[in-house]
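The structure under discussion appears below in the form of structure tokens.
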Amino acid sequence: MKRSPGDTARSMGLITRRSAVLGALQLGLCGTLGWRMRQMQVDQADEFRLLAEENRINMRLVAPPRGLIFDRNGIPLAENAQNYRIVIVKEEAGDVDAAIERLRQLIYLDDDELDRARREIERRSPFVPVTLTDQRSWEDVAAVSVNAPALPGISPDVGLTRNYPLAEDHAHIVGYVGPVSDYDLGKLDDDDPLLQIPKFQIGKTGVEQKHDRALRGKAGARRIEVNAAGRVMRELGRDDGVPGADIQLTVESRLQNFAEARLSLEQSASAVVMDVRNGDLLAVGNAPTFDPNKFVRGISSADYTDLTANPYRPLANKAVQGAYPPGSTFKMMVTMAALDAGLIGPNDTVYCPGHYKLGDRRFHCWKRGGHGWVDLDESLQQSCDVYYYEMAMRVGVDKIAEMARRFGIGEKFDLPMSAITPGIMPDKAWKRERYDQEWRVGDSLNASIGQGYVLASPLQLAVMTARLASGTRIVPRLVKSVGGVEQDAQGTEPLGLNENHLRLVRKGMYSVCNTNRGTGFGSRIVAEGVRMAGKSGTSQVRNITVAERARGVTSNADLPWERRDHALFVAFAPFDAPRYAVSVVVEHGGGGSSVSAPIARDLLLFALYGEVPPLDAYPGGQQGAIRDMLSNLRLRDDFRPGEVRSRA
């Protein structure tokens with residue numbers, strides 16, 4: 001049907017309107033797209049350029065040099081050495097096993113080390129370098145470099161690793177580092193990104209562990225260009241970060257070396273040498289010891305088994321971890337408690353018939369026939385047990401414990417060493433809390449001679465002796481400075497005790513070493529101006545039955561090693577102007593006066609003279625044996641004088 005002109009006009013108007021709307025929509029869409037393109041290309045250009053760069057450039061952490069550790073004279077105890085290693089990139093090597101076999105034709109590779117490397121290769125991306133072996137010689141590196149065309153994916157690399165130049169001497173003090181493990185990451189509350197670097201070394205024991213954050217420094221970064229697969233193309237820039245802080249310790253390396261060598265003549269022993277003026281620990285010795293360098297890259301199973309299976313416990317820092325009955329070295333604490341309570345005077349005497357009777361039980365003196373009448377000075381000089389049984393009955397354990405704690409017994413000192421023991425200084429409340437039992441009189445008698453529940457470490461005994469010698473509440477210090485900042489000495493205030501009482505105890509200790517009947521007379525120092533004052537101790541580790549006493553107590557030499565008495569000795573010198581205090585414990589060594597006292601004397605003499613002691617500091621009849629002993633000590637060549645000398 002033919003449309004009328006009016007219908008045609010109306011249709012054309014409708015089409016025109018629709019075209020206009022559609023054109024407007026198209027124009028609006030194009031305008032919006034144009035505006036967005038301008039915004040992205042002009043206004044947001046920097047943002048999208050940065051996103052593009054991040055797809056091409058990666059940031060990788062760089063481990064800073066670890067801080068060094070020195071002794072008090074600047075001798076390095078822990079340093080960083082160049083570590084030549086051989087690395088493999090799986091993507092470039094192709095057949096990893098075949099590549100390793102080719103490498104084995106050139107250099108020796110340890111099976112355990114390779115097993116660890118293979119596990120690491122499986123965990124890592126194929127383009128990430130993995131260390132096959134480290135701590136290699138320059139000759140090994142040269143061999144790999146020369147044969148590089150035949151070793152695709154394998155290349156030498158160089159970095160830093162920890163080295164302990166004095167090895168065994170400071171193992172228990174400095175400690176050691178090792179690769180960070182999953183166990184470490186789970187144990188540490190530490191978000192330091194350095195810990196995510198494969199095989200990054202952290203402190204595991206000793207100063208290395210306790211000051212790890214200061215020593216490790218702050219991470220640096222590398223800007224590297226990578227391709228689409230993530231392979232490194234080139235390095236664009238580097239920030240080496242902040243090196244770790246250097247730490248200076250209070251120990252004196254020559255004395256420490258001498259202490260380790262002297263203690264090594266015994267099967268299991270420890271010693272502490274301390275400056276009584278400021279608390280500086282000059283030597284913390286343990287025997288046997290170990291080489292911490294073996295732990296740096298992962299100790300072998302055989303070496304670790306040798307250490308852990310050794311009955312003399314070379315890994316234990318017995319000087320601070322060991323808790324021993326202090327024996328008669330504790331008698332000065334009982335004396336001070338009795339004097340402070342006004343229950344004894346210097347001329348008051350106690351009769352010793354060889355035992356102390358409590359009810360139906362006898363508490364024996366070490367001297368079977370007894371000492372007769374003894375006063376305060378003679379009780380220390382001859383170490384009469386009965387005198388101290390009587391003091392315990394008069395004073396009571398609570399006052400004894402209070403006095404002993406003032407001298408550091410039972411105190412856990414805040415030092416950067418591992419597993420420091422607080423020991424035990426018992427009293428009535430302690431026994432109720434620990435065993436839900438009341439304190440008995442017999443407990444007091446045992447405690448009065450350093451037996452029973454009383455336990456102390458060689459460190460605590462050295463502190464006790466230093467406080468006796470100085471009359472101050474001196475605190476042991478191991479770290480002299482961190483990052484060049486001096487660490488203050490603490491506890492130099494007076495103990496608040498009667499100085500006359502301290503003089504009486506010091507005089508008794510002098511008599512121990514310098515009178516004919518003194519238990520330490522055989523280990524006296526004869527050189528004028530450096531005389532020693534000390535106290536011996538012998539602590540039992542087994543019960544002696546009535547039957548054994550009746551037939552005669554079995555000598556230590558006839559007992560198995562683990563059932564022999566511990567031998568102890570504490571001392572300070574010079575007597576007139578104390579500078580150094582020492583404590584020595586020889587595990588299952590027998591008598592303190594015969595075994596530990598000579599060691600304590602040698603350590604004090606070395607500290608006083610700064611070198612192997614002169615022979616004329618020793619009694620004339622001993623000088624031949626002393627010369628042989630000192631000459632045969634395993635001292636470091638750079639620490640040993642030309643010969644053992646006499647000042648004459």
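Every number here is computed from the coordinates shown, using simple stated rules; none is lab data. All of these numbers come straight from a predicted model, not from anything done at the bench. All Cβ positions, even for glycine, are placed from backbone atoms using ideal geometry, and neighbour counts span all protein chains on display.
General remarks:
- The one condition in (1) over 32 Å from the mean Cα position of the chain (by Cα); (2) in contact (Cβ under 8 Å) with a residue 24 or more places away in the chain; (3) within 24 Å of THR161 (Cα to Cα) that TYR108 fails to fulfil: (2)
- Total residues in region 389-408, condition within 14 Å of VAL475 (Cβ to Cβ) and buried (at least 22 other Cβ atoms within 10 Å of the Cβ): 2
- Applying the set (1) out of contact with any Leu (no Cβ under 9 Å at 6 or more places or on another chain); (2) crowded, with 22+ Cβ neighbours inside 10 Å; (3) assigned to a loop (DSSP other than H, G, I, E, B) to ILE525 leaves exactly one unmet item: (1).
- Enumeration of residues in region 125-152 that are free of Cβ contacts under 8 Å to residues at least 40 places away in the same chain, within 39 Å of the chain's Cα centre (by Cα) and loosely packed, with under 14 Cβ neighbours inside 10 Å: GLU139, ALA142
- Residues being without any contact (Cβ under 8 Å) to a residue 60 or more places away in the chain and either in a loop (DSSP other than H, G, I, E, B) or aliphatic (A, V, I, L, M) (or both) - total across region 481-495: 4
- Selected residue (criterion: farthest from ASP280 (Cα to Cα)) from residues of region 448-479 that are in contact with a Pro (Cβ under 8 Å, 6 or more places away or on another chain) and assigned to a loop (DSSP other than H, G, I, E, B): GLY452
- The one condition in (1) under 19 Å from LYS507 (Cβ atoms); (2) among the aliphatic types (A, V, I, L, M); (3) out of contact with any Ser or Thr (no Cβ under 8 Å at 6 or more places or on another chain) that LEU358 fails to fulfil: (1)
- Residues of region 153-178 classified as under 30 Å from LEU415 (Cα atoms) and either polar (S, T, N, Q) or surrounded by fewer than 17 Cβ atoms within 10 Å (Cβ to Cβ) (or both), total: 5
- Tabulated pairs, region 286-313, first under 20 Å from VAL586 (Cα atoms), second among the hydroxyl-bearing types (Ser, Thr, Tyr), C-beta under 6 angstrom, 6+ apart or interchain: ASN286/SER270; ALA287/SER264; PRO288/TYR312; TYR312/SER268
- Checking each residue in region 351-375 for being surrounded by 16 or more Cβ atoms within 10 Å (Cβ to Cβ) and assigned to a loop (DSSP other than H, G, I, E, B) picks out GLY354, CYS365, TRP366, GLY370, HIS371, ASP375.
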